[in-house]
Amino acid sequence: MAKYVTQRIIYMIITLFLIASFTFFLMKIIPGTPFTKADKLSETQLAIMKEKYGLDDPVPVQYANYMMNLVKGDLGVSFQFDNVGVTEIIVKSFGPSAQLGFQAIIFGTIFGIILGVLAALKQNTWVDYGSTFIAVLGKSIPSFVFAGLMQYYLGVKLGWFPVAFWRGPEYTILPTIALAMFPLATAARFVRTEMIEVLESDYIVLAKAKGASWFDIAFKHALRNALIPVVTVLGPLVVSLMTGSLVIEKIFGIPGIGEQFVKSIQVNDYPVIMGTTLLFAALFVVVILIVDLLYGVIDPRIRLAGGKK
Amino acid sequence: MEKILEVKDLHISFHTFSGEVQAIRGVNFDLHKGETLAIVGESGSGKSVTSKAIMHLLPESNSEIKQGQILFEGKDLAKLSDKAMQKIRGKDISMIFQDPMTSLNPTMKVGRQIIEPIMKHQKLSKGAAKKRAIEILDLVGIPNPEVRFEQYPHQFSGGMRQRVVIAIALACNPKVLIADEPTTALDVTIQAQILELMKALQKKIDTSIIFITHDLGVVANVADRVAVMYGGKIVEVGTVDEVFYNPQHPYTWGLISSMPTLDTEDEELYAIPGTPPDLLHPPKGDAFAPRNRYAMKIDLEKQPPMFKVSDTHYAATWLLHPEAPKVEPPEAVQKRKRQFLGLKEGN
């Protein structure tokens, strides 16, 4: 097990190195300069600016410099804000996004699984149709529509939750629900389909023949066997939720990383683009590793080398 | 002998898109205490449906017990709620299934699968249940039960898994054990081991067994009595000797003729011609009549009742009617009878 994980971590580092290199050159192809008011700068001023940020060097030299600093853990300084370190920007804006994404995935997955299990157990009844209805809504209606509706009804009209901003736990409730609709719908559909299949299998009949109650059959016997595909789908979703949603962050006035990322691309803020891309990539490879390890936890048949006694 | 289970005039239908399939059309049988009753018949004859109906394991959505009773200790199981059945399943009546490769939960340790019914029905603590489970694993012939207890099904071979399934079924010392083709998915040497094990265990825990199979060789090995099913009905029932050596129903004759013997040489094995009846439109008369070369006119018009051959032996064929012409059973059947009688005299 330890050997497997070490091996995976080495691959992860290689993957991240390749992603960093690729992104660096791609980024340089984007037309424009990082200096927003470039047209108002004189030739000399531009040259001075370029020299200051090392942009007058040939691209391969810039690349080598960047990678050297990266190895040392230095992500550079943002072009947008004077002398603010990229690490600092990321740490500040990733916090709210990660918290929201995490809450949304937990909330969405738990309710999605419950909904899916109920739908499978009560197949072709109003419970099933109701669950399908919620899942279709969650998948087809964009999150900003939910966000707007909830802000209006739950926030403004009923006054139950704060409408926007990022000032405490109660401020996270509405954006969490808005973000959770998609994973909830996804989990509900996958769990329902898998559960229906699992509930027909021989070992479920045997569990019934043992006198197990429907609760034990659903949650002790069937659910675990139905979870594998759900984990496969939800893993990558965790990353996309935790790396922030521009729309949700805009609507709720949350200082998150989704907005930061988009802005940095618009203004060619090279160090921030690189920093956020690398963060997303790192999260992604870590989540994939966790998903692979989870398979083994859920299903002993796919337990990895070293797990077997 | 004391009856432990009585099935009376059981009718079961499945509702399908093309109509009502009358899978079971009036089945009657008794199970005596401590005996093994084999139910034999070809695929679709209704043997599995009958056993699943006893356990309430038929799919709720499309199956229906139209009429009849399943009497167990004075209770009619056919009318029990699912909740009440949960208390009987696994405790008083348990079941062994056909395919050991798929009947154990792949993501649950074998030990937990065994202690589950023990904890539920006998209300034992986890520790006590574990002790009992290890005893049973030992009893069904699994070496190193303490180690095996902590393992998952994929770490067991097919034969070993069937032993685990048997251990689960016997965990609460059931009064009735229903074995639905328990050896069909196993290879022949393992089959023999499992049959020996079941026979030995039956003596030890004094349970009655309903043994469902299409393998007559297995029947001869394990059963005390045999019920032959055809087209959703029992067509002949008797002790093993009666059914094997003095069969009365032409379908039983066909079954026995199609069984190879030690002196079967190059000749082609006998097969009953035709196909099983379509139970979507069950025939008016004897369901076997279209495949029966001894069929009479009445076979096509009226279903035969059970005629008594002896106190333990009954068969549903018009050939047993006093006015029916005398018909000699096929040569293979007569040969068996002669051999059997010869053996008996030899004693």
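What the table below lists for this structure:
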{"read-out": "Test result for B:Thr213, β-branched (Val, Ile, Thr), under 23 Å from B:Lys47 (Cα atoms) and in the same structural domain as B:Thr36 (by TED's automatic domain parsing)", "value": "yes"}
{"read-out": "Failed item, numbered, when A:Val262 is tested on (1) surrounded by 19 or more Cβ atoms within 10 Å (Cβ to Cβ); (2) within 30 Å of A:Gly85 (Cα to Cα)", "value": "(1)"}
{"read-out": "Residue among B:Leu343, B:Leu320 that is more than 16 Å from B:Lys297 (Cα to Cα) and either surrounded by fewer than 17 Cβ atoms within 10 Å (Cβ to Cβ) or of a type in the set (A, V, I, L, M, F, W, C) (or both)", "value": "B:Leu343"}
{"read-out": "Helices (runs of 4 or more DSSP H) lying entirely in segment B:139-234 (those with 3 or more residues that are within 14 Å of chain A (Cβ to nearest Cβ))", "value": "B:145-149, B:158-170"}
{"read-out": "Qualifying residues in segment A:101-124 (those that are touching a residue at least 12 places away in the same chain (Cβ under 8 Å) and of a type in the set (Val, Ile, Thr)) - the one farthest from the other protein chains (Cβ to nearest Cβ)", "value": "A:Ile105"}
{"read-out": "Filtered residues of segment B:188-205 (kept if among the polar types (S, T, N, Q), under 17 Å from the mean Cα position of the chain (by Cα) and closer than 18 Å to B:Leu139 by Cβ)", "value": "B:Gln202"}
{"read-out": "Scan of segment B:81-103 for residues that are among the aliphatic types (A, V, I, L, M) and either surrounded by fewer than 24 Cβ atoms within 10 Å (Cβ to Cβ) or more than 7 Å from chain A (Cβ to nearest Cβ) (or both), ordered by number", "value": "B:Ala84, B:Met85, B:Ile88, B:Ile93, B:Ile96, B:Met101"}
{"read-out": "Odd one out for A:Ala212, checked against (1) under 30 Å from B:Glu116 (Cα atoms); (2) part of a helix (DSSP H, G or I)", "value": "(2)"}
{"read-out": "Filtered residue count, segment B:80-124, keeping only those that are among the polar types (S, T, N, Q) and outside any loop (DSSP other than H, G, I, E, B)", "value": "4"}
{"read-out": "Residue selected from segment A:204-221 under the condition free of Cβ contacts under 8 Å to residues at least 60 places away in the same chain and more than 9 Å from chain B (Cβ to nearest Cβ), by the criterion farthest from A:Phe146 (Cα to Cα)", "value": "A:Ile217"}
{"read-out": "Conditions (1) more than 26 Å from the chain's Cα centre (by Cα); (2) under 25 Å from B:Arg161 (Cβ atoms); number of the one not met by A:Phe215", "value": "(2)"}
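Listed here are the residues, each with its yes/no results for (1) surrounded by 14 or more Cβ atoms within 10 Å (Cβ to Cβ); (2) among the polar types (S, T, N, Q).
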residue: A:Met27; (1), (2): yes, no
residue: A:Phe35; (1), (2): yes, no
residue: A:Leu41; (1), (2): yes, no
residue: A:Ile48; (1), (2): no, no
residue: A:Gln62; (1), (2): yes, yes
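The values are calculated or read from the model by the stated rules, or taken from the named source; none is laboratory data. Remember, predicted model here, so these are calculated numbers, not experimental data. All Cβ positions, even for glycine, are placed from backbone atoms using ideal geometry, and neighbour counts span all protein chains on display.
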